[in-house]
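The values are calculated or read from the model by the stated rules, or taken from the named source; none is laboratory data. Bear in mind the structure is a predicted one, so any value in this text is a computation, not a measurement. Here the Cβ positions follow ideal geometry from the backbone for every residue, glycine too, while neighbour counts run over all protein chains shown.
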Amino acid sequence: MSAIEILGLEKTYMVGFWRKRPKSALRPLHLTIEEGEIFGFLGPNGAGKTTTLKMLMGLVFPTAGTARILGREWTDPEVKAQIGFLPEQPYFYDYLTAHELLDYYGQISGVPGKDRKRRVEEMLQRVGLTEVKGMQLRKFSKGMLQRVGIAQAILHNPKLVFFDEPMSGLDPLGRREVRDLIEQLKQEGRTVFFSTHILSDAEALCDRVAIIHKGELRGVGAVADLTSTVQGKVEVIWQGRQIPASMKVLGAECHVTGDTVRAILPENQQDTAIDALRRERIRLIAITPLRTSLEAYFVEKLQHSQTTVGKRS
Amino acid sequence: MSPRMLYIAFNTFREAVRDRVLYNLIAFALLLSGAAIFVGQISIHIERLVVVNLGLTAVSLFGIVIAIFIGIGLVSKEIEKRTLYTVLSRPVRRWEFIVGKFLGLAGTLIVNTFFMAIGVFGALLYVVHKFSAPDALILVALYFIILEFLIICSLALLFSSFSSPLLSAVFAFSLFVIGSFADDLRGFAALTHGATRWLATAAAYLVPNFSALNVISAVAHQQPLRSQLILQNTLYALFYTAMVLSAAVLIFERRNLK
Amino acid sequence: MTAAQRTTVIASACLAISTLACILLLRHIDEIRPQATVDDALFVNSPKMIRRASLGFDGMMACIYWTRTVQYFGERHFNRELTYNELAPLLEITTTLDPQLFPAYQFGASFLAPAPPNGAGEPDRAIELMKYGIQHNPNNWQLYYNLGFIYYTELKDYKKASEVFEQGVEVPGANPLLKVLAAKMAGHAGDRATARLLWSDTYETNHDSYVRQNAVEHLRAIQVDEDVTNLQSAVTRFGERTGRLPASMSELAAAEHLPRIAVDPDGRPYKLTPEGRIEVQNPDDFNFLTKGMPPGYKPPALPKFHDHTR
């Protein structure tokens with residue numbers, strides 16, 4: 001059973017004061033997310049990521065299309081017991097303490113009494129907020145709020161978790177923590193669907209990604225597949241500051257940094273390069289096949305749409 | 001009926017209690033009850049009249065202010081601050097959310113009225129030195145005031161579910177003022193003709209009938225109240241509240257939360 | 001049906017049922033509390049208190065109280081009530097809030113002074129009201145007219161009426177009618193013509209339907225008075241000439257060369273009784289009759305009110 005099946009979800013808003021014109025926030029989207037995977041939903045700001053998430057949460061009503069979550073219709077209230085949601089830049093009832101907030105969420109998620117007490121303590125511990133559990137949320141920093149957000153999202157032991165820009169506004173340490181947590185969730189057998197515009201995070205974490213731009217899906221696939229296409233190049237690193245003449249002949253791009261040289265050349269020239277270095281008795285440090293970074297793939301997909309748009313107009 | 005609604009109600013109550021503005025308003029109202037004692041002393045032989053009139057009016061007006069003040073933000077604040085998203089992504093039905101919020105606000109006002117009533121009875125005891133049987137009517141007046149609060153709470157919640165806090169406050173307060181003259185409005189409507197008559201009558205019947213619920217003058221003069229009136233008013237308040245909450249639910253169910 | 005659809009259906013049903021219940025309950029509550037808007041007058045009949053409580057919105061409150069007054073009167077009128085105890089307080093409150101609300105004075109003049117069931121039977125308060133109005137509106141000749149009216153119709157104090165009309169004449173822009181009335185009071189106060197003049201003018205210059213209706217009733221009575229007087233003289237003349245009573249109205253009409261069979265303002269022919277009295281066919285259809293009634297006739301306790309305003 002797929003975790004999420006998005007079947008043609010579409011959203012068009014009517015904008016304007018007097019004469020309302022349609023504005024498309026999301027073109028009909030078809031996407032499937034499998035159980036147990038970490039799925040990244042990528043796109044620039046305003047691409048339609050949050051709209052999609054809100055529709056799946058039942059906060060916004062689609063103009064057309066349906067979806068199935070964990071085998072049920074997405075409007076089925078019982079589905080909500082199995083999913084967790086962390087919205088972008090979350091804000092919680094600031095007059096409550098972390099403990100009270102989690103307890104409240106537990107109550108309305110239907111977690112029974114004794115269980116709830118235990119779970120709340122567990123969650124607080126897991127996200128590292130046990131010391132401040134009695135402090136009112138209005139005093140929390142951004143990072144602390146994000147941690148509370150994650151705690152409330154997984155409190156009721158959901159099988160599927162939705163995060164909207166979970167790393168936004170966090171310092172490197174915070175981001176590392178969130179990344180580790182997402183990994184842990186996967187280890188626990190949960191499915192994670194998160195949207196972001198930070199590609200390095202997606203690259204590091206996700207099994208599969210989808211790229212969305214201006215409401216349209218541009219590409220879907222496993223990260224490894226997407227980035228292994230095209231232009232096999234290798235990166236060769238060697239010690240010293242010397243660049244053999246033969247390298248230049250091969251058309252390598254070389255950068256000298258400190259006491260090492262970094263050169264990029266086509267894959268098929270790999271052996272020739274190694275021989276050249278050996279002849280000159282230069283110490284080889286590393287050879288790494290270069291994959292197209294997700295960023296490049298991403299930019300390419302976006303540019304492609306720009307040109308298509310350009311052609312149309 | 002799941003307990004979710006009650007959890008939401010309790011949380012709403014908790015929010016109101018932790019809101020400092022509430023305490024300021026209550027303190028002010030109690031002050032007014034105390035002031036009634038002094039005003040009563042200047043107007044000889046009508047101390048009781050002044051205390052009851054002023055005291056009950058303070059309870060009523062301040063309650064309305066609190067109801068509107070808190071009520072208008074109940075839904076719109078949650079949408080603006082986006083606290084609503086994490087609530088609705090849980091197995092909470094939208095209608096449970098609305099009804100739960102209403103129960104929380106109504107509960108806040110009832111508790112509030114209880115404390116203010118103690119102030120009124122305290123002031124009354126001070127000026128008349130002992131209670132007499134007709135003073136029980138004050139309890140009826142307070143009961144009617146609570147019925148008024150139920151109606152106002154539901155109206156504030158209705159407007160909050162689709163309108164900004166400022167507009168909600170204006171609408172709710174306007175309806176309170178108009179509702180206080182509901183009897184006259186029905187009278188006006190009867191004097192018009194044709195299409196105006198239909199519109200005026202419809203408006204006159206839809207406006208909340210606060211004039212029947214305002215028995216402060218009668219109680220101050222120790223006039224008895226018919227038990228049938230008490231029953232009818234109770235039913236009216238309950239049905240009116242149900243009507244407004246149904247409308248709020250219908251609106252909120254359809255709202256896109258951007 | 002999805003959960004959302006179910007909620008919509010239930011909420012819509014709830015909305016419809018509760019709206020209906022509210023409307024029905026409201027109607028019921030109105031029945032239990034008749035004259036509810038007037039209850040205030042029972043407790044706070046100090047106009048000054050009400051003025052203070054209006055927080056400066058005197059004008060609007062005056063309008064509200066004026067409407068309540070009209071409704072109060074109308075409802076009791078309709079229900080054939082015999083007392084109008086709250087009329088005076090209501091009018092006093094209205095005019096305290098807005099001393100320039102002229103229809104209130106007119107209403108007071110027409111309905112405060114006459115005895116029940118045609119009015120509240122409080123001519124003194126009516127006079128006080130007019131004097132209050134004159135005090136606050138010295139340039140309004142109509143108020144003098146109203147005051148004189150009360151002295152003339154209810155108190156039958158023709159001297160005072162004349163004085164008041166004279167005072168009214170002094171007001172710039174006064175209707176010349178006042179001068180005529182002042183003069184008539186002197187010698188012809190009891191004249192039918194004077195009364196007719198007064199009531200016709202009341203009818204012509206007023207917009208309030210109750211006041212006009214009342215004026216018409218008086219004019220009708222005056223007409224009957226005139227007809228009966230004339231017909232009765234004709235009977236007497238007939239008797240003097242022939243030594244007997246006429247056998248029928250037609251014989252009388254023929255003998256005395258009356259233009260046609262006399263009919264009352266409702267179009268019904270006058271009766272000639274065997275005793276030679278001229279009578280109206282249905283005395284109950286008229287108010288304020290002074291002639292043409294059968295002997296021992298008592299006007300009904302609950303008079304009939306018809307709208308004869310054409």
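Regarding segment B:160-176, can at least one residue be identified that is in a helix (DSSP H, G or I), within 8 Å of chain C (Cβ to nearest Cβ) and surrounded by fewer than 18 Cβ atoms within 10 Å (Cβ to Cβ)? Scanning segment B:160-176 turns up no residue that is in a helix (DSSP H, G or I), within 8 Å of chain C (Cβ to nearest Cβ) and surrounded by fewer than 18 Cβ atoms within 10 Å (Cβ to Cβ). Among the residues of segment B:190-210, the ones that are modelled with pLDDT of 85 or more, among the small types (G, A, S) and within 17 Å of C:R33 (Cα to Cα) come to 1 in all. Pick out the one residue from C:I150, C:I134 that is free of Cβ contacts under 8 Å to residues at least 24 places away in the same chain and of a type in the set (V, I, T). None of the others qualify; the one that does is C:I134. In segment C:68-139, counting only helices (runs of 4 or more DSSP H) that sit wholly within it, the ones holding 1 or more residues that are of a type in the set (V, I, T) and farther than 21 Å from B:F188 by Cβ span C:87-97, C:123-136. For the criterion of being under 13 Å from the mean Cα position of the chain (by Cα) and in a helix (DSSP H, G or I), B:I145 passes. All conditions but one from (1) part of a helix (DSSP H, G or I); (2) at pLDDT 75 or above; (3) not polar (S, T, N, Q) apply to A:H304; the one that does not is (2). For segment A:47-75, name all the residues that are in contact (Cβ under 8 Å) with a residue 24 or more places away in the chain, within 11 Å of chain B (Cβ to nearest Cβ) and under 22 Å from the mean Cα position of the chain (by Cα). The answer is A:T50, A:T51, A:L53, A:M55, A:L56, A:M57, A:V60. Out of the residues in segment A:81-92 meeting the condition of being surrounded by fewer than 22 Cβ atoms within 10 Å (Cβ to Cβ) and at the interface with another protein chain (Cβ under 7 Å from one of its Cβ atoms), tell me which one is modelled with the highest pLDDT. The qualifying residue modelled with the highest pLDDT is A:A81. Of the residues A:L277, A:L294, A:L284, the single one that is at pLDDT below 80 and either in contact with a Phe, Trp or Tyr (Cβ under 6 Å, 6 or more places away or on another chain) or surrounded by 14 or more Cβ atoms within 10 Å (Cβ to Cβ) (or both) is A:L294. Evaluate segment A:140-154: report whether one residue or more is surrounded by fewer than 15 Cβ atoms within 10 Å (Cβ to Cβ), assigned by TED's automatic domain parsing to the domain that holds A:G174 and assigned to a helix (DSSP H, G or I). Yes, because at least one residue in segment A:140-154 is surrounded by fewer than 15 Cβ atoms within 10 Å (Cβ to Cβ), assigned by TED's automatic domain parsing to the domain that holds A:G174 and assigned to a helix (DSSP H, G or I). Of the numbered criteria (1) closer than 26 Å to B:I251 by Cα; (2) buried (at least 18 other Cβ atoms within 10 Å of the Cβ); (3) facing chain B (nearest Cβ under 10 Å), the one A:E78 fails is (2). Kindly establish whether C:K291 is among the basic types (K, R), within 29 Å of C:H77 (Cα to Cα), modelled with pLDDT of 80 or more and part of a loop (DSSP other than H, G, I, E, B). It is true that C:K291 is among the basic types (K, R), within 29 Å of C:H77 (Cα to Cα), modelled with pLDDT of 80 or more and part of a loop (DSSP other than H, G, I, E, B). Residues in segment B:180-197 that are in contact with a helix residue (DSSP H, G or I) (Cβ under 7 Å, 6 or more places away or on another chain), part of a helix (DSSP H, G or I) and within 8 Å of another protein chain (Cβ to nearest Cβ): B:D183, B:D184, B:R186, B:G187, B:F188.
Checked against (1) out of contact with any strand residue (DSSP E or B) (no Cβ under 6 Å at 6 or more places or on another chain); (2) more than 28 Å from A:S2 (Cα to Cα); (3) in a loop (DSSP other than H, G, I, E, B); (4) of a type outside the set (D, E), A:G134 meets all criteria but (1). Does segment B:241-248 contain any residue that is of a type outside the set (G, A, S) and in a loop (DSSP other than H, G, I, E, B)? Checked segment B:241-248: no residue is of a type outside the set (G, A, S) and in a loop (DSSP other than H, G, I, E, B). In segment B:113-172, of all residues being of a type in the set (D, E, K, R) and touching a helix residue (DSSP H, G or I) at 6+ places or on another chain (Cβ under 8 Å), the one that is farthest from B:L25 (Cα to Cα) corresponds to B:D135. Selection within segment B:60-80: residues that are within 14 Å of chain A (Cβ to nearest Cβ) and surrounded by 22 or more Cβ atoms within 10 Å (Cβ to Cβ). The member of this set that is nearest to C:A4 (Cα to Cα) is B:V75. Restricted to segment B:198-239, and to residues there that are under 17 Å from C:T19 (Cα atoms) and in contact with a Ser or Thr (Cβ under 7 Å, 6 or more places away or on another chain), the residue that is nearest to the other protein chains (Cβ to nearest Cβ) is B:F239. Any chance you could count how many residues in segment B:209-227 are free of Cβ contacts under 8 Å to residues at least 60 places away in the same chain and crowded, with 19+ Cβ neighbours inside 10 Å? Number of matching residues: 3. What number of residues within segment B:133-153 are among the small types (G, A, S) and at pLDDT 90 or above? Adding up the residues that qualify gives 1. The residues of segment B:108-119 that are among the β-branched types (V, I, T) and buried (at least 20 other Cβ atoms within 10 Å of the Cβ), listed by number, are B:T108, B:T113. Considering (1) in contact (Cβ under 8 Å) with a residue 24 or more places away in the chain; (2) closer than 21 Å to C:A113 by Cβ; (3) out of contact with any Phe, Trp or Tyr (no Cβ under 8 Å at 6 or more places or on another chain), the lone condition that C:E166 does not fulfil carries the number (1).
Under the condition of being of a type in the set (D, E, K, R) and in contact (Cβ under 8 Å) with a residue 24 or more places away in the chain, the residues counted in segment C:118-131 number 2. Does B:G55 satisfy being more than 12 Å from chain A (Cβ to nearest Cβ), farther than 23 Å from A:A98 by Cβ and either part of a loop (DSSP other than H, G, I, E, B) or touching a helix residue (DSSP H, G or I) at 6+ places or on another chain (Cβ under 6 Å) (or both)? Here the answer is yes, as B:G55 does meet what is asked.
For C:A195, the test of being surrounded by 14 or more Cβ atoms within 10 Å (Cβ to Cβ), over 20 Å from C:F73 (Cβ atoms) and in contact with an Asp or Glu (Cβ under 8 Å, 6 or more places away or on another chain) is failed. Only one entry of B:R82, B:R93 meets the criterion of being modelled with pLDDT of 80 or more, of a type in the set (D, E, K, R) and over 21 Å from B:L245 (Cβ atoms), and that entry is B:R82. Restricted to segment B:81-107, and to residues there that are among the small types (G, A, S) and either more than 7 Å from every other protein chain (Cβ to nearest Cβ) or in a helix (DSSP H, G or I) (or both), the residue that is surrounded by the fewest Cβ atoms within 10 Å (Cβ to Cβ) is B:G107.
The rows are residues; the columns are (1) in the same structural domain as A:E183 (by TED's automatic domain parsing); (2) at pLDDT 90 or above; (3) of a type outside the set (V, I, T); (4) buried (at least 21 other Cβ atoms within 10 Å of the Cβ).
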{"residue": "A:W18", "(1), (2), (3), (4)": "yes, no, yes, no"}
{"residue": "A:P28", "(1), (2), (3), (4)": "yes, yes, yes, no"}
{"residue": "A:T32", "(1), (2), (3), (4)": "yes, yes, no, no"}
{"residue": "A:F41", "(1), (2), (3), (4)": "yes, yes, yes, yes"}
{"residue": "A:P44", "(1), (2), (3), (4)": "yes, no, yes, no"}
{"residue": "A:M57", "(1), (2), (3), (4)": "yes, yes, yes, yes"}
